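Enquirer: Once you've had a glance at the structure underneath, I'll fire off some questions.
The values are calculated or read from the model by the stated rules, or taken from the named source; none is laboratory data. In this text, all values refer to a predicted model and were calculated from it rather than measured experimentally. Cβ placement follows ideal geometry from the backbone for every residue including glycine, while neighbour counts extend to all protein chains displayed. Just so you know, the surface numbers come from the protein's heavy atoms only, side chains and all, with ligands and any DNA or RNA stripped out. Shrake-Rupley method; radii C 1.70, N 1.55, O 1.52, S 1.80 Å.
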Amino acid sequence: QVQLVESGGRLVQAGGSLRLSCVGSGRPFSSYAMGWFRQAPGKEREFVAAISWTGSSTNYAEPVKGRFTIDRDNAKNTVYLQMDRLKPEDTAVYYCAADGTMGVQAIGVTNGVGVDYWGAGTLVTVSS
């Protein structure tokens, strides 16, 4: 059993930066690959980024590649999403997810279907 809590979402101007955090509790945090997903109003959920158990492998969706960075600190049971050069189209509720079996590529390809745990989300609003 894992509980995930996201934080850090807020209103930010286009071109700005923001760091989201996801804190996990329950099972050992290092046992799970972690992912970030987002869902904008009226749109389907989309994959953003994923990171392996140890942080040695990452996967990014094309729209955020080069702008977002996923990282983790297992000692703090925390996964981060550093968001730079934000665009209005990045506006969405961002969700943290954890999975004990899928690799970072599978997390992206499946768009989160079948992941073990989800957080409740944190809202990021990017103004133009």
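Enquirer: Taking Lys43 as the anchor, which aspartates and glutamates have their alpha carbon closer than 18 Å to its alpha carbon, excluding any fewer than eight residues away along the same chain?
Expert: Glu62, Glu89, Asp90
Enquirer: With a probe of 1.4 Å, find how much accessible area the range 1-96 has per residue, and write the answer as a whole number in Å².
Expert: 49
Enquirer: A follow-up question, please. For the chain, with all protein chains present and a 1.4 Å probe, just round the carbon and sulfur fraction of the accessible area to a whole percent.
Expert: 51
Enquirer: Hey, another quick one. Would you work out which of Cys96, Met34, Ser127 lies farthest towards the positive end of the dipole of the chain, given +1 charges on the beta-carbon of Lys and Arg and -1 on that of Asp and Glu, about the Cα centre?
Expert: Ser127
Enquirer: In addition: What does the C-alpha gyration tensor say about the overall shape of the chain? Classify as rounded when a/c is under 1.5, otherwise prolate if a/b is larger than b/c, or oblate.
Expert: Note, shape of the chain comes out prolate.
Enquirer: Could you work out how far apart the two model spin labels at Gln13 and Thr54 are, taking each label as a point 7 Å from the Cα in the direction of the beta carbon, and quote it in nm?
Expert: With each label placed 7 Å out from Cα toward Cβ, I get 4.3 nm.
Enquirer: Per DSSP helix of 4 or more residues, -39500 (n - 2.57); summed, then divided by the residues of the chain. What does that give at 222 nm, rounded to the nearest 500?
Expert: My calculation for the chain gives -1000 deg cm²/dmol from helical runs alone.
Enquirer: Specify the inter-centroid distance of the range 78-128 and the range 1-52, based on alpha-carbon positions, in whole Å.
Expert: Measuring centre to centre over Cα atoms gives 4 Å.
Enquirer: What nm value, rounded to one decimal, do you get for the distance between Trp118 and Arg67 when each label is placed 7 Å out toward the C-beta?
Expert: The modelled label-to-label distance comes out at 2.4 nm.
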